[in-house]
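Below you'll find the structure, written out as structure tokens, and then a few comments.
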Amino acid sequence: MAEPRVTQLTGVHAVSALGRGAEAQLTGVLAGVPAFGAVRRFDTAARRVTVAAILPEVGPLGDELAAAIEAACRAAGLAGAQREQCGLLLAVHGGPAPGAGLTPGALADQLAAACGLSGHTRAYTSACVSASTAVADAATLIARGDVDRVVVAAGYLVEPDQFALFDAGRALAVDGAVRPFSAHRRGLLLGDGVAAVVLESSAGRRGVEPLATVVGWGRAGDAFHPCQPDPTGAGLARAVDAALRRAGLPPQAVGYVNANATGTPQSDAAEAAALRRAFGAYAAYVPVSSTKSVHGHALEASGLLELVVTALALRHGELPVNAGWLAPDEACPLDVITDHPRPATTTHALTLNAAFGGANTALLVGAP
């Protein structure tokens, strides 16, 4: 039986309130300066919270996605012929794309055609695990030998409807800061995020050096509550276990966790419980932060934006700061990175995501 093929990350591009381009994301998360500010894109006069992490002068979502896909393909060195039979997995919000009037599936088809990708397309609309689920599917297709390469793209631009829903649900932080795992955390804040990555098995044959590898992935459900996480963290722990098993690695191989942590009291505590279930005593020693504390929660795009920053930080050898930290919370007994970045001491990192409905994902990234 043939060995599963390695999934390599060869081209990336990302846009957020931290700036344009992958390097801007790395610089921003290492600086640890939150990008939240007053929302001017639409009227927030009737809202309790009026801030988000928004990139000024942003184009329509379809245009931003097309630019991101094109940039990622160029970064991976994919010329026209090399894009043939390359599929596109797209993570966006369900319903017509703002400004485009297209369903997610139709938008995926349009983007693939515009960027010269002639393989199959698929759209993911599973809320905050949309992008990470797409990455897991892409890695599965590559590992099985079904395809040589896949482009995964994801996008969310802060818009009035979702902003109003989160504000009405009292999920947004009224103090204007995201404080993952910290005492006195008040909630999440939304943020722009558009990203695209090339995943493939053939970087070496093309003479391209991969930025990272996706060595493990796991998915699991809670079925606990439509909106609240299982306080025991059982589902997320199973996703972490699955990612480690697929990679054939013990918990001690993980040198960093880019947590889902949104800054909401219940979800952060549940995630800390999940890490204790999955890692045992080691959970108190693995460095943890949530880059949502600087770039905000990009909903469907979160998993891909956070994969990009996790891979780049691991390659760079420095681990991002958990901004907004005030004081320890006994419900989150973790080694949270505060004040300044830390040197990376191992070659593997986890990036975690969770969504309403009890969906959980874990992606295990390896330095090249």
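Quick one: Arg246 ticks every box in (1) over 28 Å from Ala72 (Cα atoms); (2) assigned to a helix (DSSP H, G or I); (3) in contact with a strand residue (DSSP E or B) (Cβ under 6 Å, 6 or more places away or on another chain); (4) open to solvent by 10 Å² or more (accessible area, probe 1.4 Å) bar one, so which box is it?
The number of the failed condition is (1).
Does the stretch 217-229 contain any residue that is under 30 Å from Val33 (Cβ atoms), open to solvent by 30 Å² or more (accessible area, probe 1.4 Å) and either in a helix (DSSP H, G or I) or in contact with a strand residue (DSSP E or B) (Cβ under 7 Å, 6 or more places away or on another chain) (or both)?
yes
Please go through the stretch 327-357 and give me each residue that is more than 16 Å from Ala269 (Cα to Cα) and part of a loop (DSSP other than H, G, I, E, B), ordered by number.
Those that are more than 16 Å from Ala269 (Cα to Cα) and part of a loop (DSSP other than H, G, I, E, B): Ile337, Thr338, Asp339, His340, Pro341, Ala344, Thr345, Thr346, Thr347, Gly357.
Take Ala270 and decide whether it is buried (at least 24 other Cβ atoms within 10 Å of the Cβ), of a type in the set (A, V, I, L, M, F, W, C) and in a strand (DSSP E or B).
Taking the combined requirement at face value, the residue does not satisfy it.
So which pairs qualify, if the first residue must be in the stretch 123-152 and more than 15 Å from Thr213 (Cα to Cα) and hydroxyl-bearing (Ser, Thr, Tyr), the second must be open to solvent by 30 Å² or more (accessible area, probe 1.4 Å) and outside any helix (DSSP H, G or I), the Cβ gap must be under 7 Å, and the two must be at least 6 apart or on different chains?
Thr125/His93; Thr125/Gly94; Ser126/Ala359; Thr133/Ser126; Thr133/Arg219
When you go through Ala52, Ala68, Ala76 one by one, which is the residue that is open to solvent by less than 30 Å² (accessible area, probe 1.4 Å) and under 17 Å from the mean Cα position of the chain (by Cα)? Step through it out loud before you land on a result.
Values: Ala52 fails: under 17 Å from the mean Cα position of the chain (by Cα); Ala76 fails: under 17 Å from the mean Cα position of the chain (by Cα).
Selected residue: Ala68, the only one of Ala52, Ala68, Ala76 that is open to solvent by less than 30 Å² (accessible area, probe 1.4 Å) and under 17 Å from the mean Cα position of the chain (by Cα).
What pairs come out if I take residues in the stretch 23-36 that are open to solvent by less than 20 Å² (accessible area, probe 1.4 Å) and pair them with residues that are of a type in the set (Ser, Thr, Tyr) whose C-beta lies under 6 Å away, six or more apart or interchain?
Once the first residue is open to solvent by less than 20 Å² (accessible area, probe 1.4 Å) and sits in the stretch 23-36, its partners that are of a type in the set (Ser, Thr, Tyr) give Val29/Thr291.
List the residue pairs whose Cβ atoms are under 7 Å apart, where the first residue sits in the stretch 343-368 and is under 13 Å from His316 (Cα atoms) and in contact (Cβ under 8 Å) with a residue 60 or more places away in the chain, the second is of a type in the set (Ser, Thr, Tyr) and open to solvent by 30 Å² or more (accessible area, probe 1.4 Å), and the two are 6 or more positions apart or on different chains.
Qualifying pairs under 7 Å: Gly366/Thr347; Ala367/Thr347.
Results for (1) open to solvent by less than 10 Å² (accessible area, probe 1.4 Å); (2) at pLDDT 95 or above, shown as yes or no for each residue.
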site	(1), (2)
Gly176	no, yes
Ala195	yes, yes
Arg205	no, no
Val214	yes, yes
Ala239	yes, yes
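Being out of contact with any strand residue (DSSP E or B) (no Cβ under 7 Å at 6 or more places or on another chain), surrounded by fewer than 24 Cβ atoms within 10 Å (Cβ to Cβ) and within 25 Å of Ala14 (Cα to Cα), is that true of even one residue in the stretch 139-148?
Among the residues of the stretch 139-148, at least one is out of contact with any strand residue (DSSP E or B) (no Cβ under 7 Å at 6 or more places or on another chain), surrounded by fewer than 24 Cβ atoms within 10 Å (Cβ to Cβ) and within 25 Å of Ala14 (Cα to Cα), which makes the answer yes.
Check Val336, Val321 and return the single one that is of a type outside the set (Ser, Thr, Tyr), touching a Leu at 6+ places or on another chain (Cβ under 8 Å) and in contact (Cβ under 8 Å) with a residue 60 or more places away in the chain.
Exactly one of Val336, Val321 is of a type outside the set (Ser, Thr, Tyr), touching a Leu at 6+ places or on another chain (Cβ under 8 Å) and in contact (Cβ under 8 Å) with a residue 60 or more places away in the chain, namely Val321.
Just to be sure, is Leu363 of a type outside the set (Ser, Thr, Tyr), open to solvent by less than 40 Å² (accessible area, probe 1.4 Å) and farther than 16 Å from Ala259 by Cβ?
Criteria not met by Leu363.
Could you count how many residues in the stretch 178-187 are within 21 Å of Ala298 (Cβ to Cβ), surrounded by fewer than 24 Cβ atoms within 10 Å (Cβ to Cβ) and of a type outside the set (Lys, Arg)?
Number satisfying all stated conditions: 1.
The values are calculated or read from the model by the stated rules, or taken from the named source; none is laboratory data. In this text the structure is predicted, and so the values were computed from the model without any measurement. Note that each Cβ is placed from the backbone with ideal geometry, even for glycine, and that neighbours are counted across all protein chains shown. These area figures cover heavy atoms from the full protein model, side chains too; ligands, DNA and RNA do not enter into them. Shrake-Rupley method; radii C 1.70, N 1.55, O 1.52, S 1.80 Å.
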